[in-house]
Amino acid sequence: MAATLLRGEVACVLQAAEYLQYKDAYRPPGIPLHEVRRGPYDGQRGAVCPDANGDLPRLLAFPAHDPRITYEYDGMKGTTAVYRYAPALSPAHRPLMDAVAEQYAEHAAAQAAKKGQPR
């Protein structure tokens, strides 16, 4: 279902990072690239307001949720503005990746313990 746009608003969608957004981002050892690229709001749709010159904002943050998460403008796809998760610009990225690394380590330990148990 498409969002109702107010006058002057442009539809937008949030997507995973591409190379330009993740190239300098923190990536713990052993963590797959898809985890670095994934943003917490990927797939969400909404609207943005152009400035007085008609330009769309270069960066989006979400003060109501977590202002440390940043998405970067990546161009238009038809009439929809595409914003990509920007891990290199998001102050919350490092703690998020550390939490992901912890989950991967816990999963690996559980798998190793499972293999060591007799059936």
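Worth a mention:
- Conditions (1) within 15 Å of the chain's Cα centre (by Cα); (2) at pLDDT below 95: number failed by Ala64: (1)
- Any hit, region 67-88, residues being of a type in the set (A, V, I, L, M), open to solvent by 50 Å² or more (accessible area, probe 1.4 Å) and under 18 Å from Asp24 (Cβ atoms): yes
- Val82 vs. criteria over 15 Å from Ala16 (Cα atoms) and either over 11 Å from the mean Cα position of the chain (by Cα) or touching a residue at least 24 places away in the same chain (Cβ under 8 Å) (or both): no
- Matching residues in region 4-22 - criterion: being farther than 26 Å from Pro95 by Cβ and open to solvent by 60 Å² or more (accessible area, probe 1.4 Å): Thr4, Leu5, Leu6, Arg7
- Looking across region 67-88, the residues that are among the charged types (D, E, K, R) and touching a strand residue (DSSP E or B) at 6+ places or on another chain (Cβ under 7 Å) come down to Glu72, Asp74, Arg84.
- When residues in region 85-101 are screened for being touching a residue at least 60 places away in the same chain (Cβ under 8 Å) and closer than 19 Å to Tyr19 by Cβ, 7 of them pass.
- Any hit, region 70-78, residues being within 30 Å of Arg7 (Cα to Cα), part of a loop (DSSP other than H, G, I, E, B) and aliphatic (A, V, I, L, M): no
- Test: residue in region 102-109 that is in contact with a strand residue (DSSP E or B) (Cβ under 8 Å, 6 or more places away or on another chain), open to solvent by 40 Å² or more (accessible area, probe 1.4 Å) and touching a residue at least 40 places away in the same chain (Cβ under 8 Å): no
- Scan of region 23-66 for residues that are open to solvent by less than 70 Å² (accessible area, probe 1.4 Å), assigned to a loop (DSSP other than H, G, I, E, B), touching a strand residue (DSSP E or B) at 6+ places or on another chain (Cβ under 7 Å) and without any contact (Cβ under 8 Å) to a residue 24 or more places away in the chain, ordered by number: Pro57
- Leu96 buried (at least 16 other Cβ atoms within 10 Å of the Cβ) and more than 16 Å from the chain's Cα centre (by Cα): no
- Filter pass, Ala81 being touching a Lys or Arg at 6+ places or on another chain (Cβ under 6 Å) and small (Gly, Ala, Ser): no
The values are calculated or read from the model by the stated rules, or taken from the named source; none is laboratory data. Since this is a predicted model, take the numbers as computed values, not measurements. Cβ: placed from backbone, ideal geometry, glycine included. Neighbour counts: every protein chain shown. With ligands, DNA and RNA removed, areas are computed over all heavy atoms of the protein, side chains included. Shrake-Rupley method; radii C 1.70, N 1.55, O 1.52, S 1.80 Å.
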